[in-house]
Ligand code: ADP
Ligand code: RBF
Ligand code: MG
């Protein structure tokens, strides 16, 4: 793919990050002088490219530097900003400019995090918008960076890639300093290619001589309430590789009888409603229709990819295990593609985020109605 063969002259992400940090730590004073008025106006347009940015928004500012976007965000009412940069020197300066009283925990304010956005823990999000201003040419891998950023966003959230001096200007830097700027900025066609297999849609690309703004969006509506997918089966034993130990037990459905239905389905994480055909001794609550998240995939994180598995984690604390019992699910939406995480802690953190998304999506009026779908049997005939 074109974007992968750019002239990257730095051997690894770590080396790139070290180089970026050292370079920008030595340049902080260049970023403390006021910017020309016309550049400030372009920064304002960059921030303005995200619709609905306002007081309730949580914003990620990647490669914030000393924070040249932040007062434009604040002018739109944004209070909650996480500024991420590899250069601690830049962030020291940023904190002096924007220090706000208490920024502990989830309080709104301008907070900083020093490091590679790819290592930013999921609990820092989810964000409504992520800005990459004048930094997207400097990241080690543009696709991986976008994927990670997409996963930090809420459904419908935006990513803005921008440069207030334009794509051609940055191309000059890339030519002259390919170690520091290993990539060009993608034009419309390159951007389409870059996001082709990512959960992102290109909303607009403004590619003018002295202003570049590309706006991407995580699909807004994950739901496919118009075409719900019904799956059912008797729960089988999985690999016993510790979903339960991870705190997320998954009832595995035998994939073979579902093959025809699964054929059209991209591998990934889904949500919907589930009901268990309980054993007589189980309490009525176990028989109710509960929210669920489902992974359809090959579990690349765990090691060698396995055969296709369909795993349903029901958001309910059951009184006992239910191997062999019948489980019915109605799948109503897609959350994200299955991915190879760099370890179990990142996978678990992401699954927690998936659960959060599923919970809130299923409360939407058009999805909550499926809790009483005809495929589900009355909660407990014995109890009337
Ligand atoms: P396996 O590898 O055999 O699937 P897991 O560690 O994934 O083992 O545990 C799955 C089993 O845990 C399910 O088959 C079910 O019997 C039980 N279980 C208990 N609570 C839940 C739940 N909330 N969602 C799904 N399965 C659950
Ligand atoms: N495994 C992966 O390798 N990559 C994933 O992206 C992934 N996402 C999951 C999302 C959810 C909601 C659930 C319940 C499981 C997911 N899994 C994923 C599967 C996980 O690896 C599996 O449940 C455990 O390995 C136990 O089999
Ligand atoms: Mg399982």
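When segment 220-277 is filtered for residues that are over 22 Å from residue 299 (Cα atoms), within 13 Å of ligand 1 (Cβ to nearest atom) and assigned to a loop (DSSP other than H, G, I, E, B), only 277 remains. For segment 304-335, the candidate set comprises residues that are more than 30 Å from residue 377 (Cα to Cα) and more than 14 Å from ligand 1 (Cβ to nearest atom); within that set, the residue that is farthest from the chain's Cα centre (by Cα) is 304. Being within 16 Å of ligand 2 (Cβ to nearest atom) and either under 27 Å from the mean Cα position of the chain (by Cα) or in the same structural domain as residue 343 (by TED's automatic domain parsing) (or both): is that true of residue 191 here? Considered against the rule, which asks whether it is within 16 Å of ligand 2 (Cβ to nearest atom) and either under 27 Å from the mean Cα position of the chain (by Cα) or in the same structural domain as residue 343 (by TED's automatic domain parsing) (or both), residue 191 comes out as no.
Conditions (1) at pLDDT 95 or above; (2) out of contact with any helix residue (DSSP H, G or I) (no Cβ under 6 Å at 6 or more places or on another chain), marked per residue:
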{"site": "66", "(1), (2)": "yes, no"}
{"site": "84", "(1), (2)": "yes, no"}
{"site": "91", "(1), (2)": "yes, yes"}
{"site": "112", "(1), (2)": "yes, no"}
{"site": "123", "(1), (2)": "no, yes"}
{"site": "129", "(1), (2)": "yes, yes"}
{"site": "136", "(1), (2)": "yes, yes"}
{"site": "151", "(1), (2)": "no, yes"}
{"site": "161", "(1), (2)": "yes, yes"}
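If you go through segment 230-259 and keep only what is more than 16 Å from ligand 2 (Cβ to nearest atom) and either closer than 19 Å to residue 352 by Cβ or at pLDDT 95 or above (or both), you end up with 230, 232, 233, 234. Of 143, 111, all but one fail to be more than 16 Å from residue 184 (Cβ to Cβ), surrounded by fewer than 24 Cβ atoms within 10 Å (Cβ to Cβ) and assigned by TED's automatic domain parsing to the domain that holds residue 88; the exception is 111. All but one of (1) within 13 Å of ligand 3 (Cβ to nearest atom); (2) modelled with pLDDT under 95 hold for residue 303; state the number of the condition that does not hold. All conditions pass for residue 303, except number (1).
Taken over segment 209-246, the residue count meeting the criterion of being within 27 Å of the chain's Cα centre (by Cα) and more than 25 Å from residue 199 (Cβ to Cβ) is 5.
The values are calculated or read from the model by the stated rules, or taken from the named source; none is laboratory data. Treat the numbers as computed from the prediction; the structure is a model and nothing was measured. FYI the Cβ positions are ideal-geometry reconstructions off the backbone, even for glycines, and counts take in every protein chain you see.
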